[in-house]
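Structure first, commentary second.
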Amino acid sequence: VGIAQPFFQCTPPLLSAKWFANNERSTSTAIALNFNQIGIATAFLVGGGMATSSRGLENYFGLIACMTTLVTFGTLLQFQNDPPVPPSTSELEKLVKGEQEPPFFESVQHFFSTKGFTRPLAAFICSISITNVVGAFIDDVMNRGGVTGQFQIDLAGAGFELAIVAGGIILGGYVDKTKEYKKVTMAFFAATALL
């Protein structure tokens, strides 16, 4: 999982910036970033039923290997570096001016020296940690709540992950329309504190 993080955590904002207009970027980033949860939800539903024995776990891993190989080949066949037409005037201006992205470490230094960057970063890291812990220990949580059937636990795990996707898409769309990122974030911090 660790080696995959740069692909599913870092790639969506870059793709959104290159392929989508300014009023679509929050939604497209939310969809791409949160669709990792679809894989986790699928693991609950498919893996929960298949991985009940050593042989079942072997078959499950074989299925994952086949599916990811097919998706990888499909991606390689369709992959394009840039859209045929820039999605926004800002991207067109960058293209005309020949602007290049700064080197990685320069960007990292810039981000960490930008006032207000580290707190949202810490909040993001905490949110990822919490969702991973809840997903990893869903069996224990559900058992303590009196739900002991494996299929019901798998449904709860999948539902948790799908709720993350739906929330990301809905909130991303709202932020794209209103540009009220801070207001939305603060409202959800307040809701979380109350719950």
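Data overview
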{"quantity": "Among the residues listed as ILE170, ILE164, the single one being of a type in the set (Val, Ile, Thr), in contact with a helix residue (DSSP H, G or I) (Cβ under 6 Å, 6 or more places away or on another chain) and either surrounded by 11 or more Cβ atoms within 10 Å (Cβ to Cβ) or within 27 Å of ASN22 (Cβ to Cβ) (or both)", "calculated": "ILE164"}
{"quantity": "Cβ pairs under 7 Å, 6+ apart, first in the range 113-136 and within 18 Å of PHE8 (Cβ to Cβ), second hydrophobic (A, V, I, L, M, F, W, C) and surrounded by 12 or more Cβ atoms within 10 Å (Cβ to Cβ)", "calculated": "THR131/ILE164; GLY135/ILE40; GLY135/PHE160"}
{"quantity": "Residue in the range 112-149 that is surrounded by the most Cβ atoms within 10 Å (Cβ to Cβ), counting only those that are hydroxyl-bearing (Ser, Thr, Tyr) and within 30 Å of GLY47 (Cβ to Cβ)", "calculated": "THR131"}
{"quantity": "Residues satisfying the stated conditions in the range 61-89, i.e. surrounded by 10 or more Cβ atoms within 10 Å (Cβ to Cβ) and either in contact with a strand residue (DSSP E or B) (Cβ under 9 Å, 6 or more places away or on another chain) or among the aromatic types (Phe, Trp, Tyr) (or both)", "calculated": "PHE61, PHE73"}
{"quantity": "Near pairs, Cβ below 7 angstrom, 6+ apart or cross-chain, from the range 184-195 (on the phi < 0 side of the Ramachandran plot) to any residue that is open to solvent by 60 Å² or more (accessible area, probe 1.4 Å)", "calculated": "VAL184/TYR174"}
{"quantity": "Leading residue by the ranking (most open to solvent (accessible area, probe 1.4 Å)) among those in the range 34-60 that are among the aromatic types (Phe, Trp, Tyr) and within 22 Å of the chain's Cα centre (by Cα)", "calculated": "PHE35"}
{"quantity": "Of all residues in the range 90-111 being in a helix (DSSP H, G or I) and open to solvent by less than 90 Å² (accessible area, probe 1.4 Å), the one that is farthest from ASN23 (Cα to Cα)", "calculated": "VAL108"}
{"quantity": "Residue within the range 49-67 that is under 30 Å from GLU101 (Cα atoms) and assigned to a helix (DSSP H, G or I) present", "calculated": "no"}
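The values are calculated or read from the model by the stated rules, or taken from the named source; none is laboratory data. What you see is a predicted model, and the numbers here were worked out from it, not measured in a lab. We place every Cβ from the backbone using ideal geometry, glycine too, and count neighbours over all the protein chains shown. Accessible surface is based on the protein model in full, side chains and every heavy atom, while ligands, DNA and RNA are left aside. Shrake-Rupley method; radii C 1.70, N 1.55, O 1.52, S 1.80 Å.
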